[in-house]
Amino acid sequence: MIESVSTLKKLRKHQFLLQEGDIWNFNAFVCEGCFRRYHIDENGNEHTLQFSIENWWTGDRESLNLGTPSKFNIEAIENSVVLLIHKDQFEMVCEKIPSFSNTISSILQKSMTVSQKRIQADISLTAEDKYLHFVQTSPQLASRVPRNMLASYLGISPETLSRIRKLTARK
Amino acid sequence: MTDHFYNYLKKLFPITEEEFEMISAVTIQKSLRKKKFLLQEEDIWRNNAFVSKGLLRIYSIDDRGLEHILGLSVENNWTGDIESYTSGMASNLNIDALEDSEILLISKDNFKDLLKKIPGLDTAMKKLFEISFIESQNRILSNISLSAEQKYHNFTNTFPEISGRIPQHMIASYLGITAETLSRIKTHNTIQK
């Protein structure tokens, strides 16, 4: 049943799954590769909200739930494969398969916990500790993601990140 | 107090009197004086907590003894530690009352039971959860993208009902900036006006 409503989509590196101003109507499961969700501010600076690798979900829940144009871009930063389920069909599957619905709820609760932990890190840690926290909690991402994108995820400048990496490498 | 909760729930979904009776039957009222705790770190959080009056904050204390405010909840909002709630592990957060407050508590088991028996409540809670998830994403965006000054204006514009009710150093701790930086921003603004 889930298979019949799913569409596979291949994206090459640098291609977009979502561009700002568009409305996001899908649930997207990453089968292969890596996606980055980011916002571009008035000065043209990019701010990365999320990296999603294999077995993670990506998308914009604000646009999905409220039907508003997205303020985010979702870009493949590696050649990637994603499985898409339209929100209407996703709801239908959730209604028909309660265990699927429960699994999705608990995934959402986990994402909420991750968000809360990130907020906690953002408001309480120094730039150096933010970097170390990221490396500890997401080692699989730290080695895969370009440094300028990592800096934009941590909310620090690429220069600061490069200084921190030199400092921590020496330790 | 129960009238207040009834009216709140009525706005969320078309609730019947029987359904409200089921909810009231498992709801515990708790009065919390200013500075008293609803949760202290190392305890396990096992409740759903609705603020019917007052103001609560949820925060962590770091190794240096500094407080970092993760959330502020006024009337008609919920509070709690979702990580401890879902994992059953000890919390590293504290929740205390910043004003004399009235809280309604429903235990995790009772709440689960209510969600099963009252589909309208289940749908409404899922919607509320989505909204708080969206809010948390927007707070992350603000944290990583805005200057200290923009963060402050964003906060006072988004939560005018909270910013007038809490001391400045707590706003700074919520925004992740120092009290000195916040004071400089405010002085700077006064001069500009």
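Between A:A127 and B:Q40, the distance separating the two model label sites (each 7 Å from Cα on the Cα→Cβ line) works out to 3.9 nm.
A straight Cα-to-Cα reach below 23 Å connects A:K9 with the lysines A:K71, A:K87, residues fewer than 8 places away in its own chain not being considered.
Counting only DSSP H runs of at least 4 residues, each contributing -39500 (n - 2.57), and dividing by the residue count of chain A, the helix-based mean residue ellipticity at 222 nm comes to -14000 deg cm²/dmol.
Please report, in cubic angstrom per residue, the volume enclosed by the convex hull of the alpha-carbon atoms of segment A:3-111.
Numbers: hull volume 10.9 nm³, N = 109.
In segment A:3-111, the Cα hull volume divided by residue count equals 100 Å³.
Note on B:151-157: average number of Cβ atoms from other chains within 10 Å of each residue's Cβ is 0.
Taking a ≥ b ≥ c as the square roots of the Cα gyration tensor eigenvalues, the protein assembly as shown comes out oblate, since a/c reaches at least 1.5 and a/b does not exceed b/c. What is the Cα centroid distance between segment A:88-164 and segment B:106-177, reported in whole angstrom? Each part's Cα centre sits 18 Å from the other's.
Need one value for B:129-135: mean number of C-beta atoms belonging to other chains within 10 Å of its residues' C-beta atoms.
Counting Cβ atoms of other protein chains within 10 Å of each residue's Cβ and averaging gives 5.
Rounded to the nearest 20, the size of the Cβ-charge dipole of segment B:2-116 about its Cα centre is 160 debye, with Lys and Arg at +1 and Asp and Glu at -1.
Find, to one decimal place in angstroms, the Kirkwood hydrodynamic radius of segment B:113-193, where the mean of 1/r is taken over every pair of different Cα atoms and then inverted.
Numbers: mean 1/r = 0.0676 Å⁻¹.
So the Kirkwood estimate lands at 14.8 Å.
Shape analysis of segment B:66-115 yields a ratio of the Cα radius of gyration to the Kirkwood radius, Rg/Rh, of 0.98. By the equivalent-ellipsoid construction on the alpha carbon gyration tensor, segment B:2-116 comes out with semi-axes of 27, 16, 11 Å, ordered largest to smallest. One way to sum up the overall shape of segment A:125-171 is the equivalent ellipsoid from its Cα gyration tensor, whose semi-axes run 14, 13, 11 Å, largest first.
Roughly how crowded by other chains is peptide B:143-150, in terms of the mean Cβ count from those chains within 10 Å of each of its Cβ atoms? Can you show the working numbers first?
On the way: counts 7, 14, 12, 3, 0, 0, 0, 1.
Per-residue shielding by partner chains comes out at 5.
Using every pair of distinct Cα positions in chain B, the Kirkwood expression returns a hydrodynamic radius of 18.1 angstrom.
No lab work stands behind these numbers, since they all come straight from the coordinates. Only a predicted model underlies this, so the values are computations on that prediction, with no experimental measurement involved. Note that each Cβ is placed from the backbone with ideal geometry, even for glycine, and that neighbours are counted across all protein chains shown.
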